[in-house]
Structures are given as structure tokens and as C-alpha cells.
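These notes concern the structure reproduced below.
The values are calculated or read from the model by the stated rules, or taken from the named source; none is laboratory data. Because the structure is predicted, anything quoted here is derived from the model rather than measured. So basically every Cβ, Gly included, is an ideal-geometry build from the backbone, and we count neighbours across all protein chains shown.
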Amino acid sequence: MTSLVKNTIPVAALALAALLIPAGDACAAGTVSGKATFDGTAPTRRTIKMSADPACDKANPNGRQGEAMVISADGAVANVFVYVKEGVSGQHETPKAPVMLDQAGCMYSPRVSGAQVGQTIQILNSDTTLHNVHALPKASKQFNNAMPMKGMKIKKRFTAPEVMVRIKCDVHPWMAAYVGVLDHPFHAVTGADGSYSIDGLPAGTYTIEAWHERLGAQTSAVTVADGAAASANFSFSPKK
Ligand SMILES: [Cu+2]
């Protein structure tokens, strides 16, 4: 008896909601997802020796694997920036949450990220050594800040779209990060399994670009129906 009463209420609420929201009135958000793969033999990741800086060396006594080519044995490519290059219309509110960029173990984390124009980029130094964060955009103002203390934070913004903005450390030549700056929120970065998902897209036809720092960029045309899921996969070839 009790369970019957419990079950009745949500069903009634759903029925009421269905009456209040006529089907087809609202534009449901669509999704584009897929995978980035490599059609050659996965290269061995380079080991970065950090003995030039005792603090970095201590954090990575056996060196650290480089992140420029993170490709699994079965060909999944990580750190690919995937975004809508063409087809987005309208104004998109700048997210209030900052994009986080950490300097930890003398590496940037994450290596690849996306930000919206005007969105705060919060840069943190988690290391007990000096980092000098040097952003090299062409469309926005460059910045170049020494961050000598552990726990130090600075906030920056990019003022114009640009794929990609390179960030380097003037102290540690192996440190590199890339930020894709867009005037909309439709972007993602592939994970270790090569997959990505861009959510919240209105129905439409889009050009999706996948960018990798060594393997280049490629595009795919995708049509997303109202509230539907579409897919775009990208296959990268070894650079000749
Ligand atoms: Cu550094």
C-alpha cells in the first residue's frame, strides 16, 4: 500500500509536466561526440629529464613522460582540442567559473584546454620553484608573469577568439600548454581514450575541427537534429 502511494505521486507529476510543456515547443540540446585516432604506430613518449632544476628533479626523480604525443597502443589520441569552428550563432554568456591552469611537478596541467573570450584563466603555481608563465596569443595581449612562490595565483583573460594560444614557461623549456579561445562554449578535449563530447548544441549544421599540436588540424561537417546525438571521428596520420 505504501509503495503504491509513493509511486503514484511522481507519475501524476510527470503527467502534469507533459501537459504543461507541449512537445516540440522547446529546442532540445544536441550532442556531437566521437574519437580521435592515429593511423600509424603509436610513438614512444619522450622522457623529460628535469635535472636542470633541483625542485623539478625532486618532483620527478625518474623524469617525466612528455605530453606532446599521448597516443595509446591501440591508437587513441589524447589532448586533441575539438570545437565548433563554423555554424554557431548568437551571443553566448561568458562562463563564471574560471579555466584552471596549474603548474605542478614542473608541467602544465591540463596541457590542452578551452576558454571563452573574457573567461577568467586562473593560473596556479603548485611547485616550490619559480615558473614564468608566458602566453603568446596573436589576437589578444600577451602576458609574461614570474610566479616564484608555491600557492601563487594569477588571473588572466583573452579578449579575442584564437585557436590555439600557446603558453610556455621561460624557466623550463619543456613546459607547454595550449588554450583554445572561442566566442562560444562548444569545445572539448579528448581524454586518454581519444573520446570527446560537445554538449548543448542547438539543431544545425556545423564544421567541427580537431586540433593537435603535432598532428595538425582537420575538419568534419556534421548535422545535428533537434535534441539528437551526432558523431564525428577524426583519424590523424603520422607527419611526413
Ligand atoms: Cu616552469
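Things to note:
- Failed item in (1) crowded, with 18+ Cβ neighbours inside 10 Å; (2) more than 16 Å from the ligand (Cβ to nearest atom); (3) among the hydrophobic types (A, V, I, L, M, F, W, C), with A59 passing the rest: (2)
- Failed condition for V171, given (1) touching a Leu at 6+ places or on another chain (Cβ under 7 Å); (2) more than 9 Å from the ligand (Cβ to nearest atom): (2)
- Of all residues in the range 175-196, those that are among the aromatic types (F, W, Y) have Cβ atoms under 8 Å from Cβ atoms of residues that are within 16 Å of the ligand (Cβ to nearest atom) and at pLDDT 95 or above, 6 or more apart or on another chain, in Y178/R111; Y178/R166; Y178/I167.
- Restricting the first member to the range 117-132 and to residues that are farther than 24 Å from Q91 by Cβ and small (G, A, S), and the second to residues that are within 8 Å of the ligand (Cβ to nearest atom) and in a strand (DSSP E or B), the beta-carbon pairs closer than 8 Å and six or more apart or on different chains are S126/Q103.
- Whichever residue in the range 16-44 is part of a loop (DSSP other than H, G, I, E, B), at pLDDT 60 or above and hydrophobic (A, V, I, L, M, F, W, C) and, among such residues, is farthest from V222 (Cα to Cα): A42
- Residue check for D170: acidic (D, E) and more than 19 Å from the chain's Cα centre (by Cα): yes
- If you go through the range 77-119 and pick out every residue that is surrounded by 16 or more Cβ atoms within 10 Å (Cβ to Cβ) and more than 30 Å from T41 (Cα to Cα), you end up with 11.
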